[in-house]
Structure formats: C-alpha cells, structure tokens
Amino acid sequence: MTDTTTTAGAPDAAPSAAGTASSTTTGRSKPPADIARSWLLVPGTAPERFDQAARSRADQIVLDIEDAVDPARKPAARDDVVAWLTAGGRAWVRINDRSTDFWSDDVDALLGLPGLQGVMLAKTEAPEHVTETFDRLGGAVRVLALVESALGIEESPSIAKARGAFRLAFGSGDYRRDTGTSADDLAMAYPRSRLVVASRIGGLPGPIDGPTVGSSHPVLREQAGVAVALGLTGKLCLDVEQLPVINEVISPTPSDVAWAQDFLADFEGRGRVIRDGSDLPRLGRAQKIEKLANAFGVAPAS
C-alpha cells in the first residue's frame, strides 16, 4: 500500500455502525465501512447467494436492485432483499437513481430495516440526490454516492459535501459509456483523481474504485494497485474469487507495518520530539498504517 491513500475522516451517519466492525450472520468481524476495501455486489434476483456473500471475505456486501436487475423483476428483487434484511441479514443495498420511478419505492421499502447498513445511490449527479435520499430514509442511513457520468464527476466536490454523503464510489463502466473513454489507466486517471480530491474536500473517507471485469488475477492486482496509488481506498467487485486479491492489495504490507511500528516506537522513545519537516508526514503515515493493520489483521514482517 502506498502512502497516497486518503485518511478516512468523516463520521458515519449511522451511529450504530460508526467506528466499529460489523458482523455477518456468521458472527465473523468485518472492517467498518469507512475503511472497507472490498465491496461485493450481489444481484437482488439471487437471494440464494445472500448468505454465501455474507460469509465471504468481502469487507462489505451490496445487494443490487439497480443495474443487475431487469426492470420487470425489480419489485420481486426488492421484496427478496427486504425479507433477507428483516430476517437478520446485514448489507448495503444499491438502489435505483433519483430520476427513476423505482427510487421512491426503493427508499420506502428500505426505511427502518434493522439490517440495512446503508444505500449505494446509483448515477448520482447532484448533491440534492444524496440529501433527498438521506432525508427519505429518516436521516439515519448512510448514503454512498455512486458517480457514473461526466456530470457526476464534475459535480463530485458538491456531492461529497452533501448532507448524508458517507463515501464516493466510481461507476467506471457507465462513465466510459457516457464519455467514450477507454479503460486505459491514463484515460481513467482523471475521474479517479477527481473523486479522491472531492472526497478530501468533503471530509469523506477515500473513494471506492469500480470493478475489474474478468477472471485474470494479475490484471485485477495491477488495476487495484493503480487505484491505490491514486488514493482510492476500496474497490467494487462482482466475483468472490477476487476478494482475496483486493483485500491484499489495499491493505498495508507486512513491511509497511514493521516500518510503522519502528517509527512510532522511535518517536515515543525520543519524547515525541519533531526533529525536522519530514517527521509530521511520516508520523501521519505511520499512524494510518497502524490503524489499518489493526483493522485488517496484518502482522509486521519479522
């Protein structure tokens, strides 16, 4: 992990989930959503996969009732998601965008569900999209704004500052379709960097990158590394087989952790005295690495 990763700085909108690891139906502890690395999207039309996803290595799971569901099947998918969340499941839900007729039905159905961890708002293009969603959900549900268009990217600083905004995510596929941009790393650097800067302006945790389509783990590792280098701190995915790679690439390395522990021990040993201008940046990096290592269970290299 490079030291360009944005520090998570915003409080969660849902007090019950803020700052603590969540648990799946199996009771396994997961990192909190503000630093979550892997976000597994699961079609709302596949309720038989919900429990499996909850038991997976995903830091967070997102039940998708937007792009993964044919319009004719959205009401049934929504009902299945509501039933699972009501019966003890815990997940985020990707809901339809504010401009559609489905949005209102989505937020009404999800309002007050005990297992709802937050909503991922598709095709966010304006701050009011976030705020209206947040308000309709009672002002207590986190809204993860999925930015998927040229307009959304340009409005991302305002979106990040909207009341109720929890984190930004990049809908890379729809962005490419909207703009005609290729999947080349250089072509995608601007929108990714724009979301990183917007998140910092809005006081949000680092943004979440779009998914890597395909089964090649070397390609996934490379693309996740590029995202981390740009300052993104999470990644969407569609396949449980990708989870170990994403979690590894976005975590501090054992050598990072060893360096951080050595630096912090030395800093404490000299009475926390700042010696030169490089100490404060290194202190911030060491403290961030230590926090992430504790959350992700990364041990220092021996």
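In this label model, residue 287 and residue 193 are separated by 2.8 nm, measuring between points 7 Å along each Cα→Cβ vector.
What net charge is computed for the residues neighbouring residue 153, neighbours being all others with C-beta under 10 Å from the C-beta of residue 153, Lys and Arg scored +1, Asp and Glu -1? Taking every Cβ under 10 Å from that of residue 153, the sum is -3.
Surface composition of the chain: carbon plus sulfur atoms contribute 52% of the solvent-accessible area (1.4 Å probe, protein chains only, all chains present). Determine the calculated [θ] at 222 nm for the chain from helices alone, applying -39500 (n - 2.57) to every DSSP H run no shorter than 4 residues and normalising by the residue count; nearest 500 deg cm²/dmol. Roughly -13000 deg cm²/dmol at 222 nm, from the helical runs in the chain. If you sort 175, 190 by accessible surface, 1.4 Å probe, largest first, the order is 190, 175. Extension gain for the segment residue 213 to residue 135, taken as residue separation times 0.36 nm less the Cα-Cα distance, is 24.7 nm to one decimal. Normalised per residue, the accessible area of the stretch 195-298 is 45 Å², obtained with a 1.4 Å probe and no contribution from ligands, DNA or RNA. On the beta carbon distance between residue 86 and residue 29, with R0 = 30 Å, the FRET formula returns roughly 0.85. Of the listed residues 129, 217, the order by accessible area with a 1.4 Å probe, largest first, is 217, 129.
Once both labels are positioned 7 Å from their Cα atoms along Cα-to-Cβ, the gap between residue 253 and residue 186 label points is 2.6 nm. With R₀ set to 41 Å, the beta-carbon distance separating residue 177 from residue 276 gives a calculated FRET efficiency near 0.25.
Values of log10 I(q)/I(0) for the stretch 123-260 across q = 0.17 Å⁻¹ run -0.91, by the Debye formula with one identical scatterer at each alpha carbon and no solvent.
Spin-label pair residue 221-residue 101: with each label point 7 Å from Cα along the Cα-Cβ axis, the two points sit 4.9 nm from one another. Computed over the chain with a Gaussian network model linking Cα atoms closer than 10 Å, the most mobile of 31, 127, 218 is 218. Considering only 239, 262, 209, the mean-square fluctuation computed in a Gaussian network model of the chain, springs between alpha carbons under 10 angstrom, is largest for 262.
Residue ranking by accessible heavy-atom surface, 1.4 Å probe, largest first, among 221, 163 comes out as 163, 221.
The values are calculated or read from the model by the stated rules, or taken from the named source; none is laboratory data. Remember, it's a predicted structure, so these values are computed and weren't measured experimentally. Because the Cβ atoms are built from the backbone with ideal geometry, glycine has one as well, and the counts that use them run over all protein chains shown. Surface areas here come from the heavy atoms of the whole protein model, side chains and all, with no ligands, DNA or RNA. Shrake-Rupley method; radii C 1.70, N 1.55, O 1.52, S 1.80 Å.
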